[in-house]
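The values are calculated or read from the model by the stated rules, or taken from the named source; none is laboratory data. Being a predicted model, the structure only gives us computed values, none of them experimental. Here the Cβ is made from the backbone with ideal geometry for all residues, glycine too, and neighbour counts use every protein chain on show. Surface accessibility is based on the protein's heavy atoms, side chains included, excluding ligands, DNA and RNA. Shrake-Rupley method; radii C 1.70, N 1.55, O 1.52, S 1.80 Å.
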2 protein chains.
Amino acid sequence: MDLKKTIRSIPGWPIEGVIFRDLTTLMQDPEAFRESCDIFYERYKNKDIDKIVGIDARGFVFGAVLAYKLGIGFVPVRKKGKLPYKTIQESYSLEYGDDTLEIHEDALEKDDKVIIVDDLIATGGTIGATVKLVRKLGAVVMECAFVIELPDLNGRQHIEDCDVFSISEFEGD
Amino acid sequence: MDLKKTIRSIPGWPIEGVIFRDLTTLMQDPEAFRESCDIFYERYKNKDIDKIVGIDARGFVFGAVLAYKLGIGFVPVRKKGKLPYKTIQESYSLEYGDDTLEIHEDALEKDDKVIIVDDLIATGGTIGATVKLVRKLGAVVMECAFVIELPDLNGRQHIEDCDVFSISEFEGD
């Protein structure tokens with residue numbers, strides 16, 4: 001199926017000049033949600049992955065299903081102040097301001113093979129900070145996986161030394 | 001397995017006098033994560049459920065897996081300002097302050113049979129507001145499902161007219 005047809009485009013949100021790609025309509029569509037998750041699973045099922053890292057909060061949706069299907073653990077990367085145990089932090093610039101991400105310092109082990117999952121890659125600040133967090137813990141980023149990529153925003157510049165996979169793209173953003 | 005043994009207890013977080021139950025350690029444990037998700041799936045697989053509603057943000061982890069396994073759509077309830085389309089809102093008091101939750105106004109259809117999923121029920125403010133949001137859209141709350149319940153905080157008082165299921169409990173909180 002054409003997954004992009006299940007995504008709602010919202011011009012002018014959260015700020016003027018941006019077309020926001022709303023993946024909640026994809027998640028609500030049983031076939032589109034299943035197909036997105038299955039594409040990730042088929043791609044990684046024989047790659048001997050140790051952990052899935054999901055980015056707060058829509059990355060939790062796709063990342064948790066992938067971890068479950070692979071039979072491995074799920075690790076959340078969260079906005080500052082949300083994780084209760086000892087964390088390490090990374091600040092970054094994103095499309096609409098600045099932010100800080102955290103991961104629990106014992107969430108990954110050295111040499112763990114990790115897939116990082118988020119719903120969308122836009123300008124790439126969030127994924128760039130997440131890659132740094134994972135590597136600070138000594139784990140290996142095998143690939144960064146997204147449902148949607150906005151290639152015109154060149155988010156890959158923040159993760160040039162990573163493999164990147166996106167299921168689909170919106171051009172002209 | 002004893003799921004509770006995989007949960008980390010953090011005294012004094014986010015405020016003094018509280019013991020925070022940190023389910024990230026359960027999610028990171030492949031067996032505990034799988035078993036939690038499977039318990040939910042076995043409970044609801046023959047109940048003709050239409051949608052899973054997951055509460056921002058840890059409810060996304062367990063709710064998304066349940067929706068995927070049931071082959072139905074996943075609907076996020078989010079903190080104010082996070083959902084890009086038209087929403088309805090509910091404010092509530094929670095253990096450590098006030099907050100407002102939102103759901104997209106077209107996320108559920110009238111008479112949809114819904115399970116609401118979160119990781120934990122404590123004082124119950126969050127789930128109380130979520131039940132109201134789901135009902136405002138005309139959908140039917142079949143059950144509220146949690147991995148962990150803290151019965152001493154009597155969260156069920158906010159959802160007395162709902163069926164409630166929790167996999168496990170921590171008493172003495």
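Hey, what's region A:33-172 come to in accessible area per residue, 1.4 Å probe, Å²?
Result: 39 Å² per residue.
Using a 1.4 angstrom probe on the protein heavy atoms only, line up B:M1, B:M27 by accessible area, largest first.
Numbers: B:M1 105, B:M27 0 Å².
Result of the area sort, largest leading: B:M1, B:M27.
Taking the Cα centroid of region A:100-119 and of region B:117-173, what is the distance between the two, rounded to the nearest whole Å?
30 Å
Using unit Cβ charges (K, R positive; D, E negative) and no other charged atoms, how large, in debye to the nearest 20, is the dipole of region B:20-173 about its Cα centre?
On the way: 19 positive and 30 negative charges, 134 e Å.
Dipole magnitude for region B:20-173 comes out near 640 debye.
For B:E160, B:E42, what's the largest-to-smallest order of accessible area, 1.4 Å probe?
So the residues, ranked largest to smallest area, are B:E160, B:E42.
Mind computing the radius of gyration and Dmax over the alpha-carbon atoms of region A:89-173? Å is fine for both.
When restricted to Cα atoms, region A:89-173 yields Rg and Dmax of 12.8, 41 Å.
Under 10 Å, Cα contacts only: if you run a Gaussian network model on chain B, which one of B:F74, B:F62, B:F20 comes out with the highest mean-square fluctuation?
B:F20
Show me the three semi-axes of the equivalent ellipsoid for region B:8-99, from the C-alpha gyration tensor (sqrt of 5 times each eigenvalue), largest first, rounded to whole Å.
Over the Cα atoms of region B:8-99, the semi-axes work out to 25, 22, 10 Å.
Most fluctuating residue of B:P30, B:P84, B:P11 in a GNM of chain B with Cα springs under 10 Å: which is it?
B:P84
Of the candidates B:I72, B:I52, B:I116, which one comes out as most mobile in a Gaussian network treatment of chain B with C-alpha springs shorter than 10 Å?
B:I72
Report, by chain and number, residues whose modeled amide H sits under 5 Å from the one on B:D99, excluding near sequence neighbours (fewer than 5 apart, same chain).
HN-HN under 5 Å from B:D99: B:Y92, B:L94.
Which shape class applies to the protein assembly as shown: rounded if a/c is under 1.5, otherwise prolate when a/b exceeds b/c and oblate if not, where a ≥ b ≥ c are the square roots of the Cα gyration tensor eigenvalues?
rounded
Report, in debye and to the nearest 20, how large the dipole of region B:14-98 comes out about its Cα centre when Lys and Arg carry +1 and Asp and Glu carry -1 on their Cβ.
It comes to approximately 460 debye.
Can you work out the Karplus-derived ³J(HN,Hα) for every residue in region A:63-75? Use 6.51 cos²θ - 1.76 cosθ + 1.60 with θ = phi - 60°, whole Hz, and x for glycine or proline.
These are the phi-based 3J(HN,Hα) values: x, 5, 5, 4, 4, 4, 5, 7, x, 10, x, 10, 10 Hz.
Run through the other copies and list how far each one's label point is from that of A:D2, in nm with one decimal, shortest first; the point sits 7 Å from Cα along Cα-Cβ.
5.6
If amide H atoms are built 1.01 Å from N in the plane of the peptide, which residues on other chains or at least 5 residues away come under 5 Å of the amide H of B:L120?
Amide H neighbours of B:L120: B:V147, B:I148.
Could you estimate the translational diffusion coefficient of chain B from the Stokes-Einstein equation, with Rh from the Kirkwood formula over C-alpha pairs, at 37 °C and 0.692 mPa s, in whole µm²/s?
Translational D for this selection: 202 µm²/s.
For the protein assembly as shown, which whole-number percentage of the solvent-accessible area (1.4 Å probe, protein heavy atoms only) is attributable to carbon and sulfur atoms? Let's see the in-between values first.
Working: 6050 of 14160 Å².
For the protein assembly as shown, the apolar C and S fraction of the accessible surface comes to 43 percent.
Would you grab the residues whose amide H sits under 5 Å from the one on A:E169? Only those 5+ places off in sequence or on another chain, please, with H modelled 1.01 Å from N.
A:E149
Not counting the cut sites, what is the longest span of chain A without trypsin sites (Lys or Arg not before Pro) that DSSP labels loop and that have at most 14 other Cβ atoms within 10 Å? The partial results should precede the final answer.
Numbers: sites that count: A:K45, A:K47, A:K80, A:K86, A:K110.
Within chain A, the longest run free of exposed trypsin sites (Lys or Arg not before Pro) spans A:111-173.
What do you reckon, how do B:S9, B:S166, B:S93 stack up by accessible area (1.4 Å probe), largest on top?
B:S93, B:S9, B:S166
Give the A-B buried accessible area in Å², both sides summed, 1.4 Å probe, nearest 100.
Using a 1.4 Å probe on protein heavy atoms, the buried area is about 3300 Å².
Please report, in debye to the nearest 20, how large the charge dipole of the protein assembly as shown is about its Cα centre when each Lys and Arg carries +1 at its beta carbon and each Asp and Glu carries -1 there.
Numbers: 44 positive and 64 negative charges, 17 e Å.
That gives the protein assembly as shown a dipole magnitude of about 80 debye.
What 222 nm value per residue comes from the helices of chain B, counting each DSSP H run with n ≥ 4 as -39,500 (n - 2.57) and dividing by all residues, nearest 500 deg cm²/dmol?
When only DSSP H runs of four or more count, the value is -8000 deg cm²/dmol.
Could you work out how far apart the two model spin labels at A:I10 and B:S168 are, taking each label as a point 7 Å from the Cα in the direction of the beta carbon, and quote it in nm?
Modelled inter-label distance: 3.7 nm.
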